[in-house]
Amino acid sequence: MTNRTKHLVFIALTVILAACASPSPQLMRGQKHEAEVGGSRFTIWRKGEMVEIYRTSPEMLPRLSAVMAKAAIAVEQVTGCPVREGSLVGDAALMKATLDCG
């Protein structure tokens, strides 16, 4: 691998890692919040009643049910609204939900 190729790979990886907690295009102009619940850190993007939740703490093989429960608590802490029942979907790293602000 040439030095030029190594530099390009390094730059590409840096850009990819920097975008790890960036919102999807639908939430680009949303509000950014950060929260910690039970040792898990989350970055939460909100636009209207839509939220995207990114787990930003490193955890070895976290249980999905535990991560989702913590994410729901984090969302309510930062938005003041609970997650609409049945709307929280995703995996241990990225989740999406709809708020139930009444």
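Read the figures in this text as sums done on the coordinates, not as results from a lab. Just so it is clear, the structure is predicted and the values come from calculations on it, not from any experiment. Cβ coordinates were reconstructed from backbone atoms using ideal geometry, including for glycine residues, and neighbour counts include every protein chain displayed.
Observations, loosely collected:
- From helices alone, the chain scores -10500 deg cm²/dmol at 222 nm; the rule is -39500 (n - 2.57) for each run of n ≥ 4 DSSP H residues, then divide by the residue total.
- Size of charge dipole - the chain - debye, nearest 20, with Cβ of Lys, Arg +1 and Asp, Glu -1, no other charges: 440
- Under DSSP loop assignment and at most 12 Cβ neighbours within 10 Å, longest trypsin sites (Lys or Arg not before Pro)-free interval of the chain: 64-102
- Taking a point 7 Å out from the Cα of V89 in the direction of its Cβ, the residues of the range 27-63 whose backbone N falls within less than 20 Å of it are 27-28, 44-55.
- Annotation: extensible slack from S24 through M60 equals 10.4 nm (criterion: 0.36 nm per residue apart, minus Cα-Cα distance).
- Cα-based helix-to-principal-axis angle, 3-18 vs the chain, degrees rounded to 10: 10
- Amide H within-cut-off set for M50, under 5 Å, with H built and near neighbours excluded: L99
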